[in-house]
Structure formats: C-alpha cells, structure tokens
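Here is the structure we will look at, set down as structure tokens.
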Amino acid sequence: MRKLPAIFSRLLAALACLLLGACFDIREEVWIHRDGSGRAELNYTIPESALLLGGGIAGLEQKVRELVATEPKVRLDDVKVSTAAGEARIAVKLSTDSMLSLLELQESEAFQELPDAAGNIAGTVVVKLRGLDIDFTRTVKVREALGLASLAIGAEDRRDRSLEYIIHLPKAPKESNATRTENGGKTLVWKATLGEALKRPLVTRFRAALPIPWYAHAAAGLLLAGIVALVLRLRRKRRQRREDACMVDL
C-alpha cells in the first residue's frame, strides 16, 4: 500500500511544475508516535501566479483532496490554500496509523513514476533495518531539480528562502545529522537556506529504535509467556519420567 511518505512525494510532484523556475519555501513537520502511528503538516510557498496552472485556490485544494483519497491508509485532516503579498501558501495536514510504510516508499508506484525534477525535490529516501533500529536517509537535490532555472534566483531569495524538515520521535535517536535538536533530543530539525540547498544536496539522516505498535509488544509478551510455559512443562515431564524410572528400579 502507498501511504504517508508516498503522499509527500506525490504532493511535491503535483506542485513541481509550479515550483520549478520559481522561488519557494518548504516546511515539513512529522510526528512519529510510540505505537508507530503518525501525522504530518506540510507547508509550501510558491508564487501566487503559479496557481493559474492548478485551477486557482479551489482547483488546487480539490486536486489535493483527490490525491489523498487514492491512499486509503492516509487521512486528510485539513487542506488550505491562501494568498498574500503575491505568494500562495499550501498547508496540508495528514495522519496515518502506520509510519512503517517508509519501508515501501522506494518500491511504490508513485515514487517510481516521479519525473526527475519532481523526484529531486521530493528527495531520495533510503530506509534500512538494523536489528530493532531503523536507519533513515533522505537526500533532496534542489539544484538538479531547478536546473538552469536556478540561475535566475537572486541573492535575496537565496538568503531568505529556506527548506526546513522537522521530525518528532518518541525517543531521542541514537545518532543523526540534524542541524539542531529540541525536546531532549527527540525533535530533529534540518534547515538550510535556498542558497545552501543550491550548493549541495540537503541530507537528513537519523538512526533510531523502530516504533513497534502496542499489539506487537503484547504479541511478543504472549509469545515469551508461551515459550516459558512450554519449557516448564517439558521440565515437569522430564522430572516425572525420572521419578517414574526410580520407582521401577525400586
């Protein structure tokens, strides 16, 4: 199933034609809960004139709703498109019962079908399991996405525009390359100016304990209890056989 991370890519792909050649801001904030569920708030700023390609405010909102509707495991909690000072702001709130779909992102049909430019903006995600830990790496290549259009971006926009990615984890990760951390290390923040992102790929990486749903803990507990019960029963049977053997010898 394509789930929340695939939605990120598909939303960015839908907006890619609006972003390319334009100055923009990206802010993505994700909360991962202890039971493996999660939610996200995605905020993108693009030139207001770019909305004409998406059917205006109402047209873009409708496209986002239709897009999320194709992902049964993802809930669209809110979508708003607003304009001010010549800019359009797209705000999307999503939630899901399972963030483990990160493992399926690279194989998802949606990700594979992304154009190169949109794929570079959405980023390449690599997720590896290491025991009970998860290694997450996302690489966003803004310069490759914008191509020659990046040459038209002025110094002011390179300085004032930014890309920011925030992840709230249930526990502090074992390691990360976050720009800064908050909340006792459980909140990871990566932020770069547009100018910095044009110079080199923006890489977000962390290693943390894999969120396991409560029912997995319960199942593990029941399995452990079952193993202990089986061992005790085998010991009782072995002891009983020895006692029976002793009685025969007598």
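Quick note: the coordinates plus some simple rules give every number you see, no bench work behind them. Note that the coordinates shown come from a computational prediction; the quantities given were computed from them, not determined experimentally. Ideal geometry is used to build each Cβ from the backbone, glycine not excepted, and the neighbour counts take in all protein chains shown.
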Note down the nm distance, to one decimal, between modelled labels 7 Å out along Cα→Cβ at Glu164 and at Asp133. 2.9
Show the residues, 5+ positions off or on another chain, whose built amide H is closer than 5 Å to the amide H of Ala88. Ile46, Glu48
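Highest mean first, how do 74-82, 147-155 rank when packing is the count of other Cβ atoms within 10 Å averaged over residues? Don't skip to the answer; put the middle values down first.
Values: 74-82: 15.8, 147-155: 11.7.
The packing order, highest mean first, is 74-82, 147-155.
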May I ask you to evaluate 6.51 cos²θ - 1.76 cosθ + 1.60, the Karplus curve with θ = phi - 60°, for each residue of segment 84-92 and list the ³J(HN,Hα) values in order in whole Hz, giving x for glycine and proline? 6, 6, x, 10, 10, 10, 10, 10, 10
